[in-house]
Amino acid sequence: MSYDLLRSGLEAPICLTWEMTYYCNLRCVHCLSASGVRRDEELTTEEAKRLIDEWAEMKVFYINVGGGEPMSRPDFFELMDYCLDRGIGVKFSTNGTLMDEAAADWVASRDYLDVQISLDGATPETNDAIRGNGTYRRARRAMERLAERGFSFKINNVVTRQNFDQLEKMYALANRYGAQLRLTRLRPSGRGQNVWEKMRPTREQNKKLYQWLLAHPDVLTGDSFFHLSAYGQALQGMNMCGAGRIVCCVDPVGEVYACPFVLAPEFSGGNVRQPGGFAGIWRESLLFAHLREWQVGGTCETCNAYDLCHGGCMAVKHFTGRSLDSPDPDCVFGNAGEPGDARQFVPLGRKSG
Ligand code: SF4
Ligand code: SF4
């Protein structure tokens, strides 16, 4: 698919995240949705099924499910089966603490189901400092349960300054289970805002990470690190910000955001409970139309690496108070704009409204 086609948006999102609940039994210090407590207005089972029906009609072929802890929803298995029965593949992200024997049996018995277990360090000390006491042991137990059933899962690791030196060990751990390692960029979203400055990888680490990713093409990244492609060779992925173009996120109360890392009112295209539902927002929201037209300007416009980096991640710029036209704060050339020049960027409402 061409860059221009992707940039202008598709009939249905390729990368649709559905955050099922804000409830979580953990309190990770970097949680992008600041999860913990369930909200009263979260979508009911019936509303969730209507949403899934809409996705099936739009021919969404795959969704990422997260939260909060999605497995904590009493209707979790019912809703996942409802997706699978309608031909929508599911990858769900979990902290692993609720993966008991019965849940592992259910996972292993389903097709088109993928599971990603979060682990942010190769040792209990490193992981538990981020995710809470005992979480390393509990995540490993979930992995063992899935591995015992011959199920091939993914391990998701948010790369931080503190766990950077454990990348090789994480890679070896994944291999030991026949699992795949996925690395994710730390973003200053949700509680991540509080820890971003002290946990974001250093410039030196980012440079090493780029080389490490080139040397480990089997490691997944979800296009998290495309800003590092400006070092020279494109990393795997589409190397662009897909927000509102190919990416979007439905939060637990039905708000549709341009990206799971920008859960802020100015990046919501509307709510699935409104007339027109999800499809109306995807096709007609002024915000998404604007994002599909938008090109990063400023310093990036004249940068030689623009075609590799496209100015970096919108979410990181937004939550560090930068103009979306300014370079990514982790710009490999050190061009990051100064905080304090954020501006109103997005129009609200519908094209037809
Ligand atoms: S805002 Fe960042 S995380 Fe979201 S789609 Fe754009 S680049 Fe990816
Ligand atoms: S100046 Fe902009 S386009 Fe160039 S490397 Fe930095 S962030 Fe990327």
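Summary table below
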{"quantity": "Extension gain (nm, one decimal) between residue 271 and residue 53, 0.36 nm per residue minus Cα-Cα", "calculated": "76.9 nm"}
{"quantity": "Dipole moment magnitude, nearest 20 debye, segment 114-219 about Cα centre, only Lys, Arg, Asp, Glu C-beta charged", "calculated": "240 debye"}
{"quantity": "Which of 310, 227 has the fewest Cβ neighbours within 10 Å, and the rest in rising order", "calculated": "310, 227"}
{"quantity": "Charged-residue dipole, Cβ positions (Lys, Arg, Asp, Glu), the chain about Cα centre, Debye nearest 20", "calculated": "660 debye"}
{"quantity": "Given charges at Cβ of Lys, Arg, Asp, Glu: the chain dipole, positive-most of 162, 45, 177", "calculated": "162"}
{"quantity": "Cα-centred dipole magnitude for segment 1-90, charges only on beta-carbon of K, R (+1) and D, E (-1), debye, nearest 20", "calculated": "360 debye"}
{"quantity": "Extension gain, residue 148 back to residue 301 (0.36 nm per residue minus Cα-Cα distance, nm)", "calculated": "50.0 nm"}
{"quantity": "Sparse-neighbourhood loop sites, chymotrypsin sites (Phe, Trp or Tyr not before Pro) in segment 83-191 - DSSP loop, at most 14 other Cβ within 10 angstrom", "calculated": "112"}
{"quantity": "Share, in percent, of DSSP beta bridges within the chain that are antiparallel, nearest 5", "calculated": "15 percent"}
{"quantity": "Gyration tensor verdict on segment 1-138 (Cα atoms; rounded if a/c is under 1.5, prolate if a/b is larger than b/c, oblate otherwise)", "calculated": "prolate"}
{"quantity": "Top of 172, 147, 102 by mean-square fluctuation, Gaussian network on the chain, Cα under 10 Å", "calculated": "102"}
{"quantity": "Percent antiparallel among DSSP beta bridges (both partners in segment 27-169, rounded to 5)", "calculated": "0 percent"}
{"quantity": "Prolate/oblate/rounded label for the chain (Cα gyration tensor, a/c 1.5)", "calculated": "oblate"}
{"quantity": "Lysine pairs in the chain with Cα atoms under 18 Å, if 8 or more residues apart or on separate chains", "calculated": "8"}
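Only the coordinates and a few stated rules stand behind these numbers; no lab work does. Since the model is a prediction, treat every value here as computed from it, not as a measurement. We place every Cβ from the backbone using ideal geometry, glycine too, and count neighbours over all the protein chains shown.
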